[in-house]
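Read through the structure below, which is laid out as structure tokens, and then see the notes.
The values are calculated or read from the model by the stated rules, or taken from the named source; none is laboratory data. All of these numbers come straight from a predicted model, not from anything done at the bench. Here the Cβ positions follow ideal geometry from the backbone for every residue, glycine too, while neighbour counts run over all protein chains shown.
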Amino acid sequence: MHRHARYALTMVRFTVLASGSRGNSMVVSGGRTRILVDAGLSCRELFRRMKLADEDPTTLDAILITHEHQDHINGLSVTARKLGIPVYFTEGTHRAWMRWLTPRRQMTYAQWLEQCRQQAAARQAEADAAAAEGEPDEVDLAAECDSAGVDSTQGSAAEASAKAAEANPHAAVATVQKDPTWLPSVAYFQAGQPFQVGDIAVSPFTIPHDATDPVGFVFQTEGVRMGVTTDLGYIPPNVKAQLKKLDLLLLESNHDLEMLRDGPYPWSVKQRVLSRVGHLSNEAAAEFLESEYDGQAAYVILGHLSESNNLPDLARVTAERALNGRASLLANRLLLAEQHQPISSIYF
Ligand SMILES: [Zn+2]
Ligand SMILES: [Zn+2]
């Protein structure tokens, strides 16, 4: 009797809090373990969406990061500090994230100030390019989750420090000493080497994307397998091999090729999105679903849809056509992840 009561409490659950170039995050739960995958929204917004989805932030056990692009790490340090939980990265991603946040300290004050200015300018240039591309161009200034420390969600610790330095050099030094990269606990994993977080087995795999060491994940818990892969230029054999025998597949369906070609992006940005380390098109996702996907997942979720170069209906129809082309796959439920709100949790 007791056993049954306990089993009734444990369940496998998958919640997409946000998906797209303005922020990505999801919650994977199984047994007694809950993992936040990516923290691309401010801590405050993550917590707000978790409440909407009936997920409790205080029960999270860990944060896993796929790669260091801003739409995946915006709220990371504040959220990790607020909850006091470990962050799992590859070492390369952790270093890239730290570089993004910190000016080097072993330099003269004048050198440091100059570096802050250059980094701020580079970030501005990146933000301009990203805005043209539909990457996150606005930052939630109300992002601070209470007294969680330095707020990395603004991505401008150095810039703020530089401004403060001009006003008051002593205050600036104090700001830097707070260390914007400080986290309660960091754990490293390597692509291709499965590891365990509580009751959830995690298999990270390399994806082709223009970040330092980007990964996708397969999560397995209580006999349920969930695969997550967005931000990839194409689907190489190692990824195809991972996306088998899944109960749930979250797959990128970023852009419609024609919309991207005819759309407003500058040519250089179009090239980047289309490249082998860019993003997966509706057509590429459909090709995978039609030809190589084994059709076993009860749920297929399309994610990371571009707001400038895609339409939800277009992504859906393209994937549906691919699935319908194979009668055996009709049982698959096709869902679309959303940028601006969580979608209903999926339970197993
Ligand atoms: Zn992304
Ligand atoms: Zn990315």
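Criterion first (acidic (Asp, Glu) and in contact with a His (Cβ under 9 Å, 6 or more places away or on another chain)) does Glu252 satisfy it?
So Glu252 fits the description; yes.
Which one is nearest to ligand 1 (Cβ to nearest atom), of the residues in the range 221-240 that are surrounded by fewer than 22 Cβ atoms within 10 Å (Cβ to Cβ) and touching a residue at least 60 places away in the same chain (Cβ under 8 Å)?
Here the residue is Val224.
With (1) farther than 25 Å from Gly20 by Cα; (2) modelled with pLDDT of 95 or more; (3) among the small types (Gly, Ala, Ser) as the list, and Gly216 as the residue in question, which single condition is left unmet?
Just one mismatch for Gly216, condition (1).
Output the residues belonging to the range 202-244 that are under 19 Å from the mean Cα position of the chain (by Cα) and of a type in the set (Gly, Ala, Ser).
If the condition is that a residue be under 19 Å from the mean Cα position of the chain (by Cα) and of a type in the set (Gly, Ala, Ser), then Ser203, Ala211, Gly216, Gly227, Gly233 are the ones that fit.
Whether any residue in the range 296-313 is modelled with pLDDT under 95, among the charged types (D, E, K, R) and away from ligand 2 (no atom under 16 Å from the Cβ) is what I want to check.
Checking the range 296-313: not a single residue is modelled with pLDDT under 95, among the charged types (D, E, K, R) and away from ligand 2 (no atom under 16 Å from the Cβ).
Just to verify a result, which residue in the range 244-264, among those that are out of contact with any helix residue (DSSP H, G or I) (no Cβ under 8 Å at 6 or more places or on another chain) and hydrophobic (A, V, I, L, M, F, W, C), is surrounded by the fewest Cβ atoms within 10 Å (Cβ to Cβ)?
Going through the qualifying residues, I end up with Leu248.
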